[in-house]
Every structure is written in C-alpha cells, then in structure tokens.
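The values are calculated or read from the model by the stated rules, or taken from the named source; none is laboratory data. Only a predicted model underlies this, so the values are computations on that prediction, with no experimental measurement involved. Here the Cβ is made from the backbone with ideal geometry for all residues, glycine too, and neighbour counts use every protein chain on show. Only protein heavy atoms, including side chains, enter the accessible area calculation; ligands, DNA and RNA are left aside. Shrake-Rupley method; radii C 1.70, N 1.55, O 1.52, S 1.80 Å.
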Amino acid sequence: MYAYDKYDQAMVDARVEEFRDQAQRRLDGKLSEDQFKPLRLMNGLYLQLHAYMLRVAVPYGTLNSRQMHALADIADKYDRGYGHFTTRQNIQYNWIKLEDAGDILADLAAVEMHAIQTSGNCIRNISSDHFAGAAQDELVDPRPYAELLRQWSSFHPEFMYLPRKFKIAVIASDTDRAAMRLHDIGIQIVKNDAGELGASFYVGGGMGRTPMIAPNIREFVPLDQLITYSEACLRVYNRYGRRDNKYKARIKILVHELGAEEYTRQVEEEFAHLLGQGIEPPIAELGRIKTFFTDPEFADGAKTVDRSDPDFALWVDRNTHRHKHDSYVSAVISLKPVGGIPGDATAEQMHLMAQLARDYSFDELRVMHTQNIVLPHVRIEDLHALWTALDEAGLGTPNLDRIGDIIACPGLDYCSLANARSIPLAQKISQRFTANGKEDTLGELKLKISGCINACGHHHAGHIGILGVDKKGVENYQLLLGGSEAEDTSLAKITGPGFSEDGIVDAVETAADVYLSQREDGERFLDTYRRIGMAPFKEALYG
Amino acid sequence: MVDILRFRDDEAVDHAAVTVDSFVEQTNANAVRIEPSDDARDLIPHLAQIHLVEVNFPVFGDGRGYSAARILREAGYTGEIRAVGDVLVDQIGNMKRCGFDAFEPDAPLDPADVKAALNRWPEVYQESADSRTPIWNLRHE
Ligand code: SF4
C-alpha cells in the first residue's frame, strides 16, 4: 500500500494549516460565506440540512487498519459514533461542527489521510477497482496509475476552478467493477500488440440529469505520456466547458456538443503542444510508486472450505471473490444489513473491520463504490474465523450483488438538494425481499436509489433504479429498468408514471416477479430485461 | 492594504489595456486585456510587442484565466500578466504558479494574508509556468 514520504506529508500538513487559516478569516469576517464556500468545499466540508458534512478521501478506496481505526475515532470524537461509506469509495460524517473541522483534518493528516478536493469544481478523489491487486482477471494493479494521477491532480494550479466537478476512475481488467465509463475520464490500463502497457482513455461519461456513457477517445496512451495526455483533456475542458449553466457544465456535455471526434481533435492538438512543455513526471516515479503495490507474501494453504455450516457456506458463496492466488479470496463485508442504512458503519464496527484486516488481510481494506468493505487478501483457511467474527458484529449479511445490496444516496434525511428520501426506501425493500424469501431466488440484481436527479445513488446504472422526484410537494418515485455500470454499460429507462413510497416497493416486487416468471436458464434480471424488453414489465406495472 | 501587487522589477505599463479585438486592429498597442471567453492563443503572433496582458476574472470561480496565463507563458511570453477583477488571496498562489506576476484585485488584499498564502506550500506536485521543481522530480534527482 502507498505510504507518504516527507513530501506528501508536508503537503497535507500545509493543507491543514491553510484550512485553519481560512476558517479563522471566515470567523473574523474577512471572508464572506460566498468566498469561504468554495474553499471549505475543496476540503470536503458541505453545509447540509442539519449540520456540516465532512467527506474524507480514501484514494482509490484503499485503507490500512491504522487509518480505519482513525476513521472510527473521528466518528466517536466528532460525530455521533458512525460514518457513511460513499459511492465514491470515500467516507462521510454527517454531524460535524465547523469549529472541529481543522482538528479533524489534523487527525487525518496524522494517519496520511485528508479531505482534499473531495468536493468543489476540481479533480476529485481518483477511484479504482476495489479488487485491485487481488483479482484474478486483472492485467496489472491499476492503483499505481491512480496514485500518480492523485499526485498530479492534487492542488493542480490550473484546474481548481473547472466548469464543474471532475471524476476519474482507473481500472486494469476487462471486467469493470468501477463504473469506469460513467466517469468524466475513465482509464483502462491495457497492453498493445508490442506487449507494452498503456492507458486507454474514455472521456465524457457521467450520471446526473443527463447520463452518458463515455466514448473511447484514444486506445493507447504510452505510460510516459499519461499525465501529459490527462492535462490536455483537462485543459480543453477548462477552456471550453460550458459555464453558463451549471447543469450543462460537466465534460460529458462538451464532448456531446462538440462530438467525440472534434473533442478528440482538440485534445490531440493540445497534447502535441504539451509534449514539448516537459510536464510529464520522470517514469522512475511510476516505478517508485509500484514498489508500494507489490504482492504481500502469499502462502499456500487450503483451497476449499468446510461447508457443513450452511450459513457460512452461503456467505462464502455470496460474499467472496476469486483471488489471483488459489489459497486466497477477497472477502466482502456487507454494510447492507436487512433494514439497515446502506453504507453506514458504527465506530465499533470500523474498529472491528480494522482489526480483522490486520489479522486476516495483510493489514488492508478497500471501500467499494457499492458502499461495502473488502478484505482483499484472505486465506481460505481463515474464512470461517473471519465470518464468525463478522457475523457476531452484524457484519455477516450474505447479500453481495443481491437485491438487498442496495446503493442509496443520503436523500432527504440529510441532503439539502433532495426531493425524496432514499434510506427508508432501501430499508423497506431489503425487508420486503428478505421476508418474502425472494432475495435468494432472484440472484444478482443491482438496485440503486437516488433522492433527486443528481443521481448520487447511480439509479441510471441499476438493473433496477429508483429516482425520487417531487410531485406537487409530495415525494414520488420513478422506476427505471435495465441499467448497468459494468463492462456492458447501459443506461436504465423509466418505466412510466411514478409511484408513492409504498407503491414503489410493490412495483419493484412486480418487476421482480415478471423476471422470475420469464427468465430462462442462467439469466440474471438484466439479461431477461434485455431479451424481453420493457413491454412485459410495463404491462404488469400499469396494465 | 495594497491595491496592486507586482512581482516584477520593470516599469509598469502606464496606460489602459485594450480588448483583444481592438488590439488585433491597433498596431501600436502594447497592453491588452483578456476576458474569460477570449482565446489567449490569438495573441501569440503578437507577443513580441506586448508588455502587459491583463486577464480579467469577473467572478473568481471562472477558472479559464488560469489556462490563458499558462498558455502565454508556454508560448514564451515574458511580459507582465496581471490578474484583475475578483481576485482573492486564496487564489493568488495558484495564479502565480500559472504565470501571473501581478495582481490588481477589486478588493484590496491584506499584505500579511498575501505573504501567508504565497509561503503556504513547501513544495508542488506538478509542473506549471513557474520555476518550481515538482516533488516527483525532487524524488529522483
Ligand atoms: S442524488 Fe440528490 S438527494 Fe441524493 S445525495 Fe445526491 S443530491 Fe442529494
């Protein structure tokens, strides 16, 4: 895992001092709220419905146990004893006082963490594959590239006031677990015919009110031009992205309005110019970063588990993922207990997960964009002990990628932009499908809920998506079907008129029933939908 | 409080800057003012005769001027680049990195705050238009 050197540490320390100074000037009245706002946002501090919310960056979702313990301590000391893991692989605290923010940032800096650029119209935290460095199907570990991009994008002087926020994801396998093509820039590390590694660039994807799947604009950027090419993509956007309308300011609109070809042409022109400017880091830096991501000392051991305990066997089947070493798996800790708040973890649970990472996973944890936690390298022979500890703490729910593994944004319970609540709906749906026993039979079914058109809950990318809207002052929910954020990326379509809060739970069950009655061998919900189309679902819902 | 902050030793241009359009028509002007929507590259053929480029920030959140300044420096322009308008102390560090060497903010800046802001960062991560060596080069010297 990456460790700061004196330079990285000095930078986060300086940031803490800068923020303390800015907060003081705000308190002294030297900064207006309008002037202070973008500054606090660039430190992840939002003003929400009831309090300040602080978003802490977890670069490419990777954490060690010391950091997870520190996150738990922050939850205890400054919040109400819990934190909320987000779809950006970050963690948010919902009950923060402005006066404490400087101290929290200092506590974070002490464990090589920060809240830098977790908000604001700048390049945000870089996300990646949560099974990076462990997955059997990856070409290389994508995280060194993400770390290089993290450094490049941190405090980038030219790109702090972009037209809008900017999100980058990096993956290195054909299976996309990071919704790569739904990012402003999605990068896949690939090999060319000569066997060299390079970066394939997808630009202009995104969710929000105008969801778009990013087109590929360049199939192969050599690794010693990665930063220069990224800079070219950003400069064209900074200069020509729309600034007249907040809702048209994301890069996806620029790429769409210019056309991918014209955008690419402009990027290539800028790239050719920037190649002469010497802005690329020495390639040795990538080599240095890679030394932090070498494999831990894997040891041979048992390759199967004792399946005599059915609950354990079910959890193993559902919540573990194939590892590149056959005596290991990656184990997913579900933060979606039945009836719980998706992504929430108490300080106690965070301490326990940290301890378990230390005991069983080479001191490493990952945050998934689906708001769960991964222990990436668990020996198969340790799985039973791990599961027992998780189960006792309420962390052993066997529902990865099932209908209960819901992504839900904070919604009207916290978010000042929300039209409707997301969390109670997630709770009702997971309860309904556990009670009626259908969660088991449904198999893989990704359900995602957003409390407004901003789509923080990724509803466009759900096999089933739910969007909260405001209908004459009453919360109303639209149902969408057929989205996917995986390598077969697609955008979900609205079924028709919306539903009330209870009505939408029924509607989800109706859609699930259509699938159950129509599915053919081995089909997931998404496959059946793609085969039979929207009509049978509409018929059942509104017919 | 200071009204204009210059990080250059030469004499300041003592007359008003003209718009890009009138500059291109007017052969004797040597001070020009760029608005956010202007293309800084239009000035490149004329850089030898320019002594001052003012880059206007009508609102501090419009970041196009940062690219404009860097593009001028990348083209070899060594004259003054002055940020004018809604220029706040928390932005001038990054502006300086992008090649600005003078600031004429609408609201005067507190010199102590300016000093603190400009001395804030021990190092920088990336290459820009200033002469600072990025961390990744320092690591591999
Ligand atoms: S989708 Fe809307 S309601 Fe949900 S968190 Fe985002 S902005 Fe808030």
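Quick look at the numbers
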quantity: Shielding by other protein chains, B:64-77, mean Cβ within 10 Å; calculated: 4
quantity: For the protein assembly as shown, Cys with no neighbouring Cys Cβ under 4.7 Å; calculated: A:C122, A:C233, A:C415, A:C452, B:C98
quantity: Integer Hz, Karplus 6.51/-1.76/1.60 couplings in order for the stretch A:160-174, x for Gly and Pro; calculated: 8, 10, 6, x, 7, 4, 9, 10, 10, 10, 10, 10, 8, 9, 6
quantity: For the stretch A:1-93, size of Cβ-based charge dipole, Lys and Arg +1, Asp and Glu -1, in debye; calculated: 180
quantity: Shielding by other protein chains, B:122-133, mean Cβ within 10 Å; calculated: 5
quantity: Value of [θ]222 nm, deg cm²/dmol, for the protein assembly as shown, DSSP H segments ≥ 4, -39500 (n - 2.57) each, nearest 500; calculated: -10500 deg cm²/dmol
quantity: Cut-off 12 Å between beta-carbons: net charge of the residues surrounding A:V505, Lys and Arg +1, Asp and Glu -1; calculated: -2
quantity: Solvent accessible area, Å² - A:E257, 1.4 Å probe, full protein context; calculated: 100
quantity: Average projected area [Cα convex hull, the stretch A:310-392], square nanometres; calculated: 5.4
quantity: Environment charge at A:D527 (Cβ cut-off 15 Å; Lys +1, Arg +1, Asp -1, Glu -1); calculated: -2
quantity: Calculated on alpha-carbon atoms, Rg and Dmax of the stretch A:258-401 in Å; calculated: 21.1, 65
quantity: Solvent-accessible surface ranking, highest first, for A:E520, A:E509 at 1.4 angstrom; calculated: A:E520, A:E509
quantity: Sorted largest first, extent of the stretch A:135-258 alpha carbons per principal axis (Å); calculated: 44, 29, 22
quantity: From the C-alpha gyration tensor of chain B, square roots of 5λ in Å; calculated: 25, 19, 13
quantity: Accessible-area ranking of A:V469, A:V374, largest first, probe 1.4 Å; calculated: A:V469, A:V374
quantity: Filtered GluC sites (Glu not before Pro), the stretch B:1-61: DSSP coil and at most 13 other beta carbons within 10 Å; calculated: B:E11
quantity: Local electrostatic count at A:G287 - Lys and Arg +1, Asp and Glu -1, tallied over other residues with Cβ under 13 Å; calculated: 0
quantity: Most to least accessible of A:E381, A:E439, A:E475, A:E348 (protein chains only, probe 1.4 Å); calculated: A:E348, A:E381, A:E475, A:E439
quantity: Accessible area buried between chains B and A, both sides summed, probe 1.4 Å, in Å² to nearest 100; calculated: 3800
quantity: Per-residue SASA entry for A:K538, accessible area with 1.4 Å probe, Å² rounded to 10; calculated: 90
quantity: Which listed pairs, of A:K248/A:K428; A:K165/A:K324; A:K438/A:K538; A:K77/B:K96; A:K37/B:K96; A:K77/A:K471, have C-alpha distances above 32 Å, in listed order; calculated: A:K248/A:K428; A:K165/A:K324; A:K77/B:K96; A:K77/A:K471
quantity: Quotient of C-alpha Rg and 2.2 N^0.38 Å, computed over the stretch A:468-543; calculated: 1.15
quantity: Residue range of chain A that is longest and free of chymotrypsin sites (Phe, Trp or Tyr not before Pro) which are both DSSP loop and sparsely packed (at most 16 other C-beta within 10 Å); calculated: A:5-297
quantity: Normalised contact order of the stretch A:275-345, rounded percent, pairs of Cα under 8 Å and 6 or more residues apart; calculated: 19
quantity: Low-density loop cleavage sites - trypsin sites (Lys or Arg not before Pro) in the stretch A:39-115, where at most 16 other Cβ are within 10 Å (DSSP); calculated: A:R80, A:K97
quantity: Shielding by other protein chains, A:26-35, mean Cβ within 10 Å; calculated: 2
quantity: In the stretch A:1-69, GluC sites (Glu not before Pro) in a DSSP loop with at most 10 other beta-carbon atoms within 10 Å; calculated: none
quantity: Fraction in percent of alpha-carbon pairs per bin - 20 Å, the protein assembly as shown; calculated: 18, 51, 27, 5, 0
quantity: Share of pairwise Cα separations in the stretch B:59-141, more than 22 Å, in percent; calculated: 29
quantity: Kirkwood hydrodynamic radius of the stretch B:86-127, from inverse mean 1/r over distinct Cα pairs, in Å; calculated: 10.9
quantity: Percentage of interatomic Cα-Cα distances in the stretch A:363-462 larger than 19 Å; calculated: 52
quantity: Descending semi-axes in whole angstrom, ellipsoid equivalent of the stretch A:407-542, from the Cα gyration tensor; calculated: 23, 15, 14
quantity: A:T294 accessible area, assembled protein chains, probe 1.4 Å, Å²; calculated: 100
quantity: 10 Å binning of all Cα-Cα separations within the stretch A:1-118, expressed as whole percents from 0 upward; calculated: 14, 48, 31, 6, 0
